[in-house]
There are 2 protein chains.
Amino acid sequence: MPPSKKQHLISCARRLFESEGFHTTGIDRILEEAGVAKMTLYNNFGSKDMLIVAVLNDTSQDMLNRLSASVTHINDPYEQILGIFDALAQWHDSDDFCGCMFQAAVAEFPDPESEPAKAAQSHLLRLTELFYGLCIRAELDDARTLSSMLAMIASGANCTARQIRTDLPAKHARQIAEILLERACSRPLSSSTIAN
Amino acid sequence: MPPSKKQHLISCARRLFESEGFHTTGIDRILEEAGVAKMTLYNNFGSKDMLIVAVLNDTSQDMLNRLSASVTHINDPYEQILGIFDALAQWHDSDDFCGCMFQAAVAEFPDPESEPAKAAQSHLLRLTELFYGLCIRAELDDARTLSSMLAMIASGANCTARQIRTDLPAKHARQIAEILLERACSRPLSSSTIAN
DNA sequence: GGTAGAATAGACCAACCTGTCTGTTTATTT
DNA sequence: AAATAAACAGACAGGTTGGTCTATTCTACC
């Protein structure tokens, strides 16, 4: 009935994985929630792990799209970077926030060679890339280092927010970002910048 | 043979949980590794979840002890704070580093009322408290906010390090901490500091 | 040396898990 | 209206899990 069973399965699985974790959410729970037969799942995805990968990729794209969209109306790229953290705060403040799915994925799939772990890792890279693009547009010094730092702060805000359940970490992250940006306008971040 | 079976069980379980996760590590794996009978485990801990809690508490104490110990030889409390991040970098650089166990715990036990989740949360509080004590001793402004920020940055470094597997995130975290401390010497971090 | 408490091995259980298979029903297309 | 493909319900298999129980052995202590 909905545009595609496949997409419907992904979004139901996403909701369950977010709120209950990957391992603890059984296939049957997902099928029941989605109102879909077991064979539909296995015909479309092949295995539970591959469903997880599909969910991670879908969520990554959705999340990066939202973050980008939330700052397009801002002109100054400098302010755009700060806007990302505002969007983060808004996310953390919403009722259904229950932590960053990609951090959960690396925790539940410790083998870095596993497909879910790789999907989670590539999300982090894409997020860093998003910051990098904005840093370049803002003509900031040392964009490579700076964007790594911003991504790291965002990760810190995500996992801290999961625990204390307020938007305070994101607000703190924004303050820190502001300080970093201020400094990156004039002088380099460190005299001996480490490679990569 | 070792001081106590209980402690031996905890440290074996710790190693396995760290490298393979909580849910994926079965009871039997732990027993085999520890060379201990199943009933010994259940007599001492009652359940797998309670073993996990014991491991988390033990690890928390061990980790905070190590961090504190790594900076006791430094006189200046300002430098002590930075020393914490050096210790973090050293940890991340070691071969057996495979991420922060407490972040893994909150990911694998999404229910914040569950005992493992509570144990993980209280570790974060203790870490923040450690920073707070150092901030006070360094006579820095806005110690409450600052220590929250430092703990958040440390968390960000932890989870980023898990993914890219270098000590670079911790080094970046140290740089950021340095900037924050520098500013906290003179003026408050924000005119309108948010409560708590 | 006898006794009490802990630790042992290992069988056992019920529940749950992912994944497969089958036969039927529903939609879509021509 | 016929044919093709997808989705369906549900039984089934094989394996694993956390946890219990029992009967035996080890280890101290008095």
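The values are calculated or read from the model by the stated rules, or taken from the named source; none is laboratory data. Not measured: the values here are computed from a predicted model. Positions of Cβ are generated from backbone atoms using ideal geometry, with glycine treated the same way; all protein chains shown enter the neighbour counts.
Listed values, structure above:
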| quantity | calculated |
| --- | --- |
| Candidate set: the stretch A:104-116, residues that are facing chain B (nearest Cβ under 8 Å) and surrounded by fewer than 22 Cβ atoms within 10 Å (Cβ to Cβ); chosen: the one farthest from A:ARG162 (Cα to Cα) | A:PRO112 |
| Unique match (being away from DNA strand D (no atom under 16 Å from the Cβ), modelled with pLDDT of 95 or more and touching a Ser or Thr at 6+ places or on another chain (Cβ under 8 Å)) among A:LEU130, A:LEU67, A:LEU88 | A:LEU130 |
| Tally, over the stretch B:117-127, of residues that are more than 12 Å from A:GLN163 (Cα to Cα) and surrounded by 21 or more Cβ atoms within 10 Å (Cβ to Cβ) | 1 |
| Failed item in (1) more than 22 Å from A:SER155 (Cα to Cα); (2) within 16 Å of DNA strand C (Cβ to nearest atom); (3) within 14 Å of chain A (Cβ to nearest Cβ); (4) surrounded by 14 or more Cβ atoms within 10 Å (Cβ to Cβ), with B:PHE17 passing the rest | (2) |
| Evaluation of A:ASP58 against (1) away from DNA strand C (no atom under 16 Å from the Cβ); (2) farther than 23 Å from A:ALA177 by Cβ; (3) acidic (Asp, Glu); (4) within 14 Å of chain B (Cβ to nearest Cβ) (one fails), failing number | (4) |
| Scope the stretch A:3-45; condition more than 10 Å from DNA strand D (Cβ to nearest atom) and either farther than 30 Å from B:SER114 by Cα or touching a strand residue (DSSP E or B) at 6+ places or on another chain (Cβ under 7 Å) (or both); matching residues | A:PRO3, A:GLN7, A:PHE45 |
| Residue check, A:LEU51 within 20 Å of A:SER122 (Cα to Cα) and away from DNA strand D (no atom under 16 Å from the Cβ) | no |
| Total residues in the stretch A:20-55, condition near DNA strand C (Cβ under 8 Å from one of its atoms) and either basic (Lys, Arg) or within 14 Å of chain B (Cβ to nearest Cβ) (or both) | 8 |
| Unmet requirement for A:ASP62, which otherwise passes all of (1) assigned to a helix (DSSP H, G or I); (2) closer than 30 Å to A:SER147 by Cβ; (3) in contact (Cβ under 8 Å) with a residue 12 or more places away in the chain; (4) more than 16 Å from DNA strand D (Cβ to nearest atom) | (3) |
| Among (1) under 16 Å from the mean Cα position of the chain (by Cα); (2) farther than 17 Å from B:ALA151 by Cα; (3) facing another protein chain (nearest Cβ under 10 Å) - the single one A:ALA161 does not satisfy | (2) |
| Per-region count, the stretch B:117-141, residues facing chain A (nearest Cβ under 10 Å) and outside any helix (DSSP H, G or I) | 0 |
| Complete set of residues in the stretch A:65-75 that are surrounded by 12 or more Cβ atoms within 10 Å (Cβ to Cβ) and not in a helix (DSSP H, G or I) | A:SER70, A:VAL71, A:ILE74 |
| Residue under evaluation B:ARG144, criteria (1) under 23 Å from A:LEU125 (Cα atoms); (2) more than 8 Å from chain A (Cβ to nearest Cβ), criterion not met | (1) |
| Filter pass, B:HIS8 being within 22 Å of B:GLN121 (Cα to Cα) and within 13 Å of DNA strand C (Cβ to nearest atom) | no |
